[in-house]
Amino acid sequence: MFRYATLNNIAEVGLERLGDNFVKTDNLDEAEGILVRSAKMHDMQFSDNLLAVARAGAGVNNIPLDALAQRGVVVFNTPGANANGVKELAIAGMLLASRDIVEGIDWVRSNWNNPDIVSDVEKQKKQFAGTEIQDKKLGIIGLGAIGVKVANAAVYMGMDVYGYDPYVGVDSAWHLSRKVTHVTDINEIYRNCDIITIHVPAMESTKGYINKEAIDLFKPGVIVINMARDVLVDEKAMIAAIDDGKVRRYVSDFPNPIVAGHRGCITTPHLGASTEESETNCAIMAADELKDYLENGNIIHSVNYPSMDVGICRHAGRVGVFHRNIANMITQFTTVLGDDGINISEMSNKSKGDVAYTVIDVDSPVPADVIGKLTAIDGVFRARKIK
Ligand SMILES: NC(=O)c1ccc[n+]([C@@H]2O[C@H](COP(=O)([O-])OP(=O)(O)OC[C@H]3O[C@@H](n4cnc5c(N)ncnc54)[C@H](O)[C@@H]3O)[C@@H](O)[C@H]2O)c1
């Protein structure tokens, strides 16, 4: 029986998937698994009972990944589970920005008690006229889970779509419509596109991605959509370009003092993944990852340990060892097992940066003192008896 705790509301439909082998606890110290959304975990103290943290969502900057890796605690996230929600908001952003829908609605609201509203509409509506997105050039920066969905939806809406992603994954490439033009020079997007949307992660290397030099290359009247993170755009330069008339509208899901309320900016309060469906998908994926890891030792979608899928254990025992990615570790594990007369049936080892994970299936039950001997090896963070 495993004990788990939740640090935020996690959709019940996800928790139900954990099944009878799991019981919820409010005592974090006894939890082997934690499910979390946005709660900040950097200042938390963790007990040695903790084996895994599953984040229902993609971003993991609320979780101390390296510190947990050094304790042999696996952190999971749910890539792509909210991609459709963000895609739909990005498409909505393009439509809102192209048609002046927001200011049109504001005008109607401010005229709610105008007795001449019906005739005034016909006089006033020309100030809210816009353009259509069909046949416009859309540039997409980042063709991951969200970027690919935006690209394909835009193709269906009759847009001429250009995609840039030097690190595009096989899965994304496989799902991308063949009508999307693959761009290898980002400046082509900056120079030619009518609408530009960015879907890359916020990292040191992507901060200020769309900067003044990029904006200088834009066509006049461009619309920029940012559903990824505000730090990806030099927003002061963006505001200056809006004020100059170079950028028609900047749509962002991240209100801050620079953009909130500025004319030409349309900001939503971080609504990208705020849909019932996204929250459900994330909770289901996070629960499935946690269950598979705690019950079988499999690691799918971890951000601090390598992937490892060795299925269900069909042997007498299974041990998982988290350790430094250095020479001579495996020999020491096999020696400990061999000295105890335990025969190894199968073994898998994977590494990710400085850390590694080894799963060993054996032909006889593993005594507790063998786990103790494995844990005592220099460079081992944790040894765990899985079966
Ligand atoms: N608004 C919201 O509520 C919300 C919700 C979910 C995700 N997001 C944001 O959207 C981002 C993208 O999400 P995703 O699920 O598509 O992530 P993803 O990891 O599936 O895709 C990111 C893509 O960016 C590409 N990339 C990385 N560096 C790049 C670079 N320098 N130039 C071009 N492409 C680059 C990667 O190769 C990858 O294909 C997330 O990192 C997150 O910040 C926002």
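The values are calculated or read from the model by the stated rules, or taken from the named source; none is laboratory data. In this text the structure is predicted, and so the values were computed from the model without any measurement. Glycine also receives a Cβ, built like all others from the backbone with ideal geometry; neighbour counts cover every protein chain displayed. Just the protein is used for accessible areas: all its heavy atoms, side chains included, with ligands, DNA and RNA removed. Shrake-Rupley method; radii C 1.70, N 1.55, O 1.52, S 1.80 Å.
Tabulated data
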{"item": "Residue within region 88-98 that is at pLDDT 95 or above and surrounded by fewer than 16 Cβ atoms within 10 Å (Cβ to Cβ) present", "result": "yes"}
{"item": "Tally of residues being under 18 Å from Leu68 (Cβ atoms) and of a type in the set (A, V, I, L, M, F, W, C) across region 1-39", "result": "9"}
{"item": "Counted residues, region 327-355 - those being in a loop (DSSP other than H, G, I, E, B), farther than 19 Å from Val74 by Cα and open to solvent by 50 Å² or more (accessible area, probe 1.4 Å)", "result": "5"}
{"item": "Residues of region 194-223 satisfying the condition of being closer than 11 Å to Gly139 by Cβ, open to solvent by 20 Å² or more (accessible area, probe 1.4 Å) and in contact with an Asp or Glu (Cβ under 8 Å, 6 or more places away or on another chain)", "result": "Lys219"}
{"item": "Listing of helices (runs of 4 or more DSSP H) fully contained in region 48-129 that carry 2 or more residues being more than 12 Å from the ligand (Cβ to nearest atom) and under 25 Å from the mean Cα position of the chain (by Cα)", "result": "65-69, 83-99"}
{"item": "Residue selected from region 224-242 under the condition closer than 10 Å to Gly208 by Cβ and crowded, with 24+ Cβ neighbours inside 10 Å, by the criterion farthest from the ligand (Cβ to nearest atom)", "result": "Val233"}
{"item": "Which listed residue, of Ala241, Ala273, is without any contact (Cβ under 8 Å) to a residue 40 or more places away in the chain and out of contact with any Leu (no Cβ under 8 Å at 6 or more places or on another chain)", "result": "Ala241"}
{"item": "Ile300 being open to solvent by 40 Å² or more (accessible area, probe 1.4 Å), of a type in the set (A, V, I, L, M, F, W, C) and closer than 19 Å to Phe2 by Cβ", "result": "yes"}
{"item": "Test: residue in region 21-37 that is under 21 Å from His270 (Cα atoms), in contact (Cβ under 8 Å) with a residue 24 or more places away in the chain, touching a strand residue (DSSP E or B) at 6+ places or on another chain (Cβ under 8 Å) and open to solvent by 60 Å² or more (accessible area, probe 1.4 Å)", "result": "yes"}
{"item": "In region 271-288, the residues that are within 16 Å of the ligand (Cβ to nearest atom) and surrounded by 24 or more Cβ atoms within 10 Å (Cβ to Cβ)", "result": "Ala273, Cys282, Ala283, Met285, Ala286"}
{"item": "Some residue of region 172-184 being within 9 Å of the ligand (Cβ to nearest atom) and open to solvent by 30 Å² or more (accessible area, probe 1.4 Å)", "result": "no"}
{"item": "Test: residue in region 63-70 that is without any contact (Cβ under 8 Å) to a residue 24 or more places away in the chain, assigned by TED's automatic domain parsing to the domain that holds Phe2, buried (at least 22 other Cβ atoms within 10 Å of the Cβ) and closer than 30 Å to Ser302 by Cα", "result": "no"}
{"item": "Test result for Asn296, within 12 Å of the ligand (Cβ to nearest atom) and outside the structural domain of Ile105 (by TED's automatic domain parsing)", "result": "no"}
{"item": "Filtered residues of region 250-262 (kept if assigned to a loop (DSSP other than H, G, I, E, B), at pLDDT 95 or above and more than 11 Å from the ligand (Cβ to nearest atom))", "result": "Pro255, Asn256, Pro257, Ile258, Val259, Ala260, His262"}
{"item": "Subset of region 138-147 (residues that are assigned to a helix (DSSP H, G or I) and either without any contact (Cβ under 8 Å) to a residue 60 or more places away in the chain or in contact with a strand residue (DSSP E or B) (Cβ under 6 Å, 6 or more places away or on another chain) (or both))", "result": "Gly147"}
